[in-house]
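The next block holds one structure in the form of structure tokens; read it before the comments.
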Amino acid sequence: MTPANIPVVVIVVLAVTAVVLGGGGKSVTLTLERASHEGAELSQLRDRDLIRHGRILQQRPPGVVDLPVEGTYDPFLVGLYFTRVQLGTPPKEFYVQIDTGSDVLWVSCNSCNGCPKSSGLKIQLEFFDPSSSSTASLISCSDQRCALGAESSDSSCSNQNQCGYKFQYGDGSGASGYYVSDLMSFNTIVGDSSTSNSSAPVVFGCSTSQTGDLTKSDRAVDGIFGFGQQGLSVISQLFSQGVAPNAFSHCLKGDNGGGGILVLGQIVEPNIVYTPLVPSQPHYNINLQSISVNGQKLSIDPSVFATSTNRGTIIDSGTTLAYLAEEAYDPFVAAITQAVSPSVRPLLSKGNNCYLTTSSISGVFPSVSLNFAGGASMILKPEDYLLQQNSIGGAAVWCIGFQKIQGSGLTIFGDLVLKDKIVVYDLAGQQIGWADYDCSLSVNVSTTTSTGKTEFFNAGEIDNSSSPCDHYNLVPTALLAFLLHVLFFGVFTFL
């Protein structure tokens, strides 16, 4: 997604997982959900993604903020991930879209012009009222945090010396309002497995106007939770206060079982490979160097993927499909078509490159390798680049989920590629890592203790019938943590 701000479209979601920390570590919990809209076609997914791309725009040791995923992943449900956050005193809960392509957390405010009052996602929409929170304060134009807002939006100042913002979407829709500082509340789990209520002050947007698709109620949520790197992102704010590490990770389960994991913290797993982030970029740009199909490197000029004005390769969990730069798309499709089994019949369906087959795709389609700087490769199985569109006479129609953006040099990898993988955004180390993983399993998360020692803790599971802020089932981790400690340090020396 992007700093301009995307219309909110949504999907269903999902099974639950929690992070449990031992020793001096702490864990914080929110709930990540996914709403659903059935019957969307590939062209609709592509159009909505293109709109999104118009925006691709203390002293205590940090804890780990855990956002368990619920629901089912299915690209044809046109899903965007969202979570619940609690803001203000007393805390009030808001549903906000998870967006790695923008920076600011904002929610709809009272007396909002154009903000929907109901949602087709069967969630109760709320409106933030600063006057109803005893801890809320407005951000003035002279506040240095107002200057941080200029990094992420068209900032403005009113006659009342009030710091405002305006986010504009690629389709012409947008949101505007003013910045507020207030408490974000969450549960913390301490080393003895007891839980306590915690909070931290954050600056977020209070939207008083929404336009375009944001006014539609069919896929409305309360706001957007930006996961970017700029100073006003919640990631940056919590890290600067020592509340959370300067990293976040996700693992999205791709099959019909759904579920997954999203944590503000660094998931550790022996098979994770890392590639550097391109410095001084507003988005999560990485250096894609080549693409291989069945082990054969495609004849694509590496400069096609290089980061420059209107070019580059971006990781965006807010994008449903995947997009290749125009010069890379045709060689990619040609290589897939040439490599498929003779039993597979290529065809065009509604302008998409598709294939008709009665066999399992894992046996008749090639593997794809995305090769990045630093020697890191992401291996894609057929289900990571194909989508089943429909069936004809008992044969399934599978279409290439990678799309071409005419006239654009951007390459964007969305959920189609990122699912069934741990993906780590290590902002402190300025790198992104990944590894294939069964996202229904628990994960291990690293944290730094008060002595400066790095420890690894196992993620337990939350009872699905309870609130995400309720009880946790703790998992014994001493032996596992020790073994992982040895394995990880053996791996990290090469990174």
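The values are calculated or read from the model by the stated rules, or taken from the named source; none is laboratory data. Worth saying up front: this structure is predicted, and the values here are computed from it rather than measured. Cβ atoms come from the backbone with ideal geometry, glycine included; neighbour counts cover every protein chain shown. Side chains are part of the model used for accessible areas, which takes the heavy atoms of the whole protein and leaves out ligands, DNA and RNA. Shrake-Rupley method; radii C 1.70, N 1.55, O 1.52, S 1.80 Å.
Element breakdown for the stretch 256-307 at a 1.4 angstrom probe: carbon and sulfur atoms account for 45% of the accessible area. Please state the shape class of the stretch 220-273: rounded when a/c is under 1.5, otherwise prolate if a/b exceeds b/c and oblate if not, all from the C-alpha gyration tensor. It comes out oblate by the Cα gyration axes. The HN-Hα couplings worked out from phi for the stretch 405-412 by the Karplus form 6.51 cos²θ - 1.76 cosθ + 1.60 (θ = phi - 60°) are 9, 4, x, 10, x, 6, 10, 10 Hz, whole numbers, x standing for Gly and Pro. Backbone amide hydrogens, once placed in the peptide plane, bring Ser290 within less than 5 Å of Asn371, excluding anything fewer than 5 places away on its chain. Couplings 3J(HN,Hα) for the stretch 206-215, derived from phi with the Karplus relation 6.51 cos²θ - 1.76 cosθ + 1.60 (θ = phi - 60°), are 10, 7, 10, 8, 9, 9, x, 4, 5, 7 Hz, where x marks Gly and Pro.
Heavy-atom surface analysis with a 1.4 Å probe gives the stretch 329-409 a carbon and sulfur content of 52 percent of its accessible area. For Gly174, nonlocal amide neighbours, meaning residues 5 or more places apart or on other chains whose placed amide H falls under 5 Å from its own, are Tyr169, Thr211, Gly212, Leu214. Report note on the peptides 224-230, 392-398, 269-275, 178-184: ranked by the mean count of other C-beta atoms within 10 Å, highest first, their order is 224-230, 178-184, 269-275, 392-398. Close amide H contacts of Lys421 (hydrogens built in the peptide plane, cut-off under 5 Å, sequence separation of 5 or more or a different chain): Leu252, Tyr437. The simple Förster model, with R0 at 51 Å and r as the Cβ-Cβ distance, assigns Gln338 and Thr309 a FRET efficiency of 0.90. Per-residue 3J(HN,Hα) values for the stretch 431-437, derived from phi via the Karplus relation 6.51 cos²θ - 1.76 cosθ + 1.60 with θ = phi - 60°, read 8, 10, x, 7, 7, 4, 7 Hz in sequence order (x marks Gly and Pro).
Per residue, the stretch 314-457 exposes an accessible area of 35 Å² to a 1.4 Å probe, with every protein chain left in place.
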